[in-house]
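Take a look at the structure set out below.
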Amino acid sequence: MVGRAETARLIAVTSAASPPPVRRPALFLDRDGVLNEDRGYVHRWADFSWIPGAKAAIVAFNRAGWLVFVVTNQSGVGRGYYSEADVLRLHEMMADALLEAGGRVDAFYYCPHHPDAAEPRYRHPDPPDRKPNPGMLLRAMAEWPVDVARSLMVGDKDGDLEAGRRAGVRSLRFEGGNLLEFLGPELPKLTSGDD
Ligand SMILES: [Mg+2]
């Protein structure tokens, strides 16, 4: 039988033996308009086209040791245009395509809520996860060992940049073109800061 003092000692030894996880910078990516062409409420794989360099950019940040997250407003769910199952299925297809390219998104966060949602369960006057609110980024930071000071948010809309700013993350606007070329200049910084 293990007494209370012994239990306390065991806990102390256990915590001493497991140091806190090493914090890593995170790349927060808006989805529509950054990873795929924004055709409006994209929810079918048949309508999904990768932005040039998007998969390669994710692979490059994976290799550099960054966490990679997708943070996407999906009010189409709340508006009744498609379901959460559709969103999850699309994200699975993205993950499969990335895997083939040697890449990985560590977690997909999406916000189905909207002030005008048809279904009450998706209706909220100011959904905390809906960008420009920073809820999805804050959740990722709570769930993963994120080095916030070295992290980066990339979006194509004002709301993306504001969400990043409010989460304390440096934010860049992607206005189209090749995502790897756009983000390439960020990679050496991180490699040199990673020692
Ligand atoms: Mg967008």
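Whenever a residue of the range 109-120 is under 26 Å from MET141 (Cβ atoms), its partners that are of a type in the set (A, V, I, L, M, F, W, C), lying with C-beta atoms within less than 7 angstrom and at least six residues away or across chains, give the pairs TYR109/PHE69; TYR109/VAL70; TYR109/VAL71; TYR109/MET136; TYR109/ALA140; TYR110/VAL87; CYS111/MET136; PRO112/VAL77.
For the range 69-121, a residue qualifies if it is over 17 Å from ARG31 (Cα atoms) and touching an Asp or Glu at 6+ places or on another chain (Cβ under 9 Å), and the qualifying residues are GLY78, ARG79, GLY80, PRO115.
How many residues are surrounded by fewer than 20 Cβ atoms within 10 Å (Cβ to Cβ) and within 13 Å of the chain's Cα centre (by Cα) if we restrict to the range 122-137? Matching residues across the range 122-137 total 1. Select from the range 92-121 the residues that are part of a loop (DSSP other than H, G, I, E, B) and of a type in the set (A, V, I, L, M, F, W, C) and write down the one among them that is surrounded by the most Cβ atoms within 10 Å (Cβ to Cβ). Restricting to residues being part of a loop (DSSP other than H, G, I, E, B) and of a type in the set (A, V, I, L, M, F, W, C), the top hit is VAL105. Search the range 1-48 for residues being surrounded by fewer than 11 Cβ atoms within 10 Å (Cβ to Cβ) and closer than 30 Å to GLY155 by Cα, and hand back the single one that is modelled with the lowest pLDDT. Here the answer is PRO21.
When the residues of the range 61-76 are filtered to those that are over 22 Å from ARG123 (Cα atoms) and part of a helix (DSSP H, G or I), the one that is farthest from the ligand (Cβ to nearest atom) is ARG63. Pairs linking a residue in the range 135-157 that is of a type in the set (Asp, Glu) to a residue that is away from the ligand (no atom under 16 Å from the Cβ) and modelled with pLDDT of 95 or more, with Cβ atoms under 9 Å and 6 or more positions apart or on different chains, are GLU143/ALA107; ASP147/ARG23; ASP147/ARG24; ASP147/PRO25; ASP147/ALA26; ASP147/LEU67. Scanning the range 138-167 for residues that are of a type in the set (Val, Ile, Thr) and buried (at least 20 other Cβ atoms within 10 Å of the Cβ) returns VAL146, VAL154.
Here the condition is being away from the ligand (no atom under 16 Å from the Cβ), in contact with a strand residue (DSSP E or B) (Cβ under 8 Å, 6 or more places away or on another chain) and touching a residue at least 24 places away in the same chain (Cβ under 8 Å); of ARG31, ARG89, ARG44, ARG79, it holds for ARG79 alone.
The values are calculated or read from the model by the stated rules, or taken from the named source; none is laboratory data. Source: prediction; values computed, not measured. Cβ sites come from the backbone with ideal geometry, for glycine too, and all protein chains shown count toward neighbours.
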